[in-house]
Amino acid sequence: MKIQQVIYASLGFFTAFPVFASDTTLDLTQSTIGYVSLILFGLAYCLVMAEEFLNLRKSKPVLLAAGLIWLMIGYFFQQQGQIEVAKRALDHNLLEYAELLLFLLVAMTYINAMEERRLFDALQAWMVSKGFNFRTLFWLTGILSFLISPIADNLTTALLMCAVVMKVGGNNAKFINLACINIVIAANAGGAFSPFGDITTLMVWQAGLVSFSSFLSLFIPSLVNYLLPAFIMSRFVPTTQPDTISEYVELKRGARRIVLLFLLTISTAVGFHGFVHLPPVVGMMMGLAYLQFFGYFLRRTLPGSLAKKKAIALANRDDAALKRLGSVVPFDVFKRVSHAEWDTLLFFYGVVMCVGGLSLLGYLGLVSEVMYTQWNPMWANVMVGILSAIVDNIPVMFAVLTMNPEMSVGNWLLVTLTAGVGGSLLSIGSAAGVALMGAAHGKYTFFGHLKWMPVIALGYASSIAIHLFINGSMFNV
């Protein structure tokens with residue numbers, strides 16, 4: 001019986017999403033449509049996990065599976081005279097996805113705008129030109145990953161720091177492997193204590209289960225999760241100094257002001273959620289208007305700015321500056337929107353609709369009973385983190401949110417922490433790890449990461465213990 005419960009619990013992480021309001025439910029967990037839907041989603045997710053080997057974008061299989069699952073649901077519920085039940089479920093899932101899509105679209109647009117204004121290039125150039133030794137670079141890239149990922153997303157942060165490591169590491173495969181592991185751990189840990197650091201934390205915040213300020217309670221556990229493995233691994237990083245690379249990057253006009261606008265946008269989203277109790281996505285969309293008006297200002301004032309800079313370059317006989325000024329392209333907000341990670345955004349749609357369809361078929365109640373009634377919620381939440389190292393943490397967290405078990409704030413913070421940092425246990429457990437295996441191909445590998453898994457697991461267990469100790473009072477709320 002216990003084996004059967006474990007199997008049901010494992011399936012549940014693929015078969016749950018936000019519940020819909022209805023008075024009538026059909027248990028189709030043992031029906032043909034239920035089994036076929038499970039198989040479809042399982043096959044689609046196998047293709048997602050093999051993305052790097054097949055060169056098949058991850059959105060494609062889940063979009064197809066979502067369409068087929070809802071086609072079967074629509075036909076079956078129509079035959080049963082309950083098509084309105086299916087429509088309400090579909091509407092609910094579409095609304096959930098729309099909020100997530102628009103929120104992420106604004107965040108990605110700001111990140112792309114900062115990248116276009118060369119903020120990340122400037123940071124990278126500063127780091128490689130300072131002449132730090134390998135161990136200092138190991139710590140610097142890790143600490144910056146931990147500090148940047150709560151504001152930017154952990155994937156962008158990891159790629160930025162990896163570029164620095166690759167530039168200064170050269171052929172030092174040992175340093176590159178250790179530094180990349182450190183970056184993955186730091187980026188995932190940094191994203192765990194901020195609603196903006198990871199998709200999973202964003203979902204928990206938007207669901208209203210944890211307040212914005214409560215996420216800060218995870219700062220120390222997240223810090224321990226990063227520092228403990230980093231300290232042990234740093235003992236194996238050489239203190240020799242790489243060749244210094246002299247590089248200077250000039251920020252484009254308005255770069256710093258875009259950072260301030262992004263911070264203002266985040267504040268606006270928090271304000272909408274905290275003061276007027278509206279979804280934070282409304283504040284994010286308002287923040288997009290800030291960037292649009294600033295883009296309009298940059299375009300209108302560009303001719304005057306170029307004229308002044310050209311006059312200075314002519315006076316100084318700076319041919320390089322004149323050439324650079326001649327290729328200046330006006331800032332375009334909509335171009336930044338078009339550069340969003342659309343494959344990722346469409347992948348989220350596929351996951352939402354697939355898992356939403358499976359929830360409608362009745363798997364949610366079955367799994368919720370096993371995970372959060374027959375098991376202790378604390379151990380269930382620890383298991384969430386371990387599963388997220390094997391499976392993407394997004395469907396795992398969506399499943400927990402769908403079950404919506406009666407849990408204390410402390411337990412909701414625990415599952416947020418474990419889902420966020422559990423992916424660091426394996427290189428394939430997070431978007432940051434998968435991306436760095438591609439960026440540092442052959443030097444940061446699955447088995448290179450696996451070798452250090454015991455050390456990473458020590459950090460994982462320690463962060464949970466620290467959370468239980470310092471935030472123990474929250475488990476009674």
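Descriptive notes on the structure:
- Averaging the sequence gap over all C-alpha pairs within less than 8 Å and six or more residues apart, then dividing by the number of residues, gives the chain a relative contact order of 28 percent.
- Each Lys and Arg adds +1 at its Cβ and each Asp and Glu adds -1 at its Cβ; summed about the Cα centre, the chain shows a dipole of about 1900 debye.
- Net charge over other residues, Cβ less than 13 angstrom from the Cβ of Ile181 (K, R count +1; D, E count -1): +3
- Linear extension gain, Glu84 paired with Trp342, 0.36 nm per residue minus alpha-carbon span: 89.8 nm
- Ordering Phe175, Ile428, Trp205 by the projection of their Cα atoms onto the charge dipole of the chain, which places +1 on the Cβ of Lys and Arg and -1 on the Cβ of Asp and Glu, puts Phe175 at the extreme positive end.
- Residues Ala439 and Gln374, FRET efficiency given R0 of 45 Å [Cβ-Cβ distance, rounded to 0.05]: 0.60
- Residues in region 113-134 reached by a label modelled at Asp332 [backbone nitrogen below 19 Å; 7 Å Cα→Cβ]: 113-118
- Segments 96-107, 177-188, 69-80 sorted - mean Cβ within 10 Å per residue, highest first: 177-188, 96-107, 69-80
- Full-stretch length increase - Arg57, Asn476 - with 0.36 nm per residue and alpha-carbon distance subtracted: 146.5 nm
- Reciprocal mean inverse distance between Cα atoms of the chain - Kirkwood radius, Å: 23.8
- Once both labels are positioned 7 Å from their Cα atoms along Cα-to-Cβ, the gap between Lys167 and Ser129 label points is 0.9 nm.
- Among Tyr372, Gly81, Thr265 the positive-end extreme of the charge dipole of the chain (Cβ point charges): Thr265
- Spin-label model, Arg257/Phe447: points 7 Å from Cα along the beta carbon direction are separated by 5.4 nm.
- Over 24 Å between alpha carbons, listed pairs Lys174/Lys252; Lys130/Lys252; Lys130/Lys167; Lys167/Lys308; Lys130/Lys451: Lys174/Lys252; Lys167/Lys308; Lys130/Lys451
- Distance (nanometres) between label positions extended 7 Å along Cα→Cβ at Val36 and Leu468: 4.6
- Legend: calculated FRET efficiency, Ser267 to Asp27, from the Cβ-Cβ distance at R0 = 35 Å, rounded to 0.05, equals 0.15.
- Separation between Cα centres of region 357-425 and region 163-223, rounded to whole Å: 20
- Ser211-Ala98 FRET efficiency (beta carbon distance; Förster radius 30 Å; 0.05 resolution): 0.85
Values in this text are rule-based calculations from the coordinates and carry no lab data. Small disclaimer: the values here were computed from a predicted structure and weren't measured. Every residue, glycine as well, gets a Cβ built from its backbone with ideal geometry; the counts of neighbours run over all protein chains shown.
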